[in-house]
Amino acid sequence: MIHLSSRKLPAAFLFTTVALIAWAATPAAAQPSAPPAVQVTDTATPAQNNKASWRSLHRKMSKDDVRKLLGEPTRVSVSRFYEAWDYPGGTVIFDGKGRLDAWSEL
């Protein structure tokens with residue numbers, strides 16, 4: 001399930017978001033090497049797979065609020081315009097101001 005706002009987003013952002021989600025869903029062996037600004041950790045918590053936690057997300061939540069709901073991400077990808085956190089249960093994307101902008105559940 002993908003949640004995006006109803007406002008119009010630049011095509012480059014949408015393409016980057018879709019590409020990031022598709023990249024995160026591919027098996028690790030098929031993925032190219034990670035970009036230099038990627039931190040990888042293995043700290044999955046049960047809340048990350050809990051649908052109720054994912055359904056409690058809402059736009060403009062802070063990173064701290066998301067971390068309280070879902071725990072520590074397994075991977076963090078940072079770019080100039082957004083930051084994506086990967087979890088076993090999906091991906092969350094923050095805008096340049098550090099507020100939750102979009103997410104997808106796997």
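Just so it is clear, none of the values below were taken in a lab; they were calculated from the coordinates. It should be emphasised that the depicted structure is a prediction, and the values quoted were computed from it without experimental measurement.
Under a straight-distance cross-link criterion of Cα-Cα below 12 Å, which aspartates and glutamates are reachable from residue 63, leaving out those fewer than 8 residues away in the same chain?
Residue 63 reaches 72, 83, 95, 101.
What residues qualify as long-range amide H neighbours of residue 90, i.e. H under 5 Å apart, gap of 5 or more or another chain, H built at 1.01 Å from N?
106
For the stretch 40-106, take N as its residue count and report Rg(C-alpha) divided by 2.2 N^0.38 Å. Could the numbers behind the result be given before it?
Details: Rg = 10.7 Å, N = 67, 2.2 N^0.38 = 10.9 Å.
The stretch 40-106 yields a ratio of 0.98.
Starting from the amide H of residue 75, placed 1.01 Å from N in the peptide plane, find each other amide H under 5 Å away whose residue is 5 or more places distant or on another chain.
The list, which skips near neighbours in sequence, is 41, 86.
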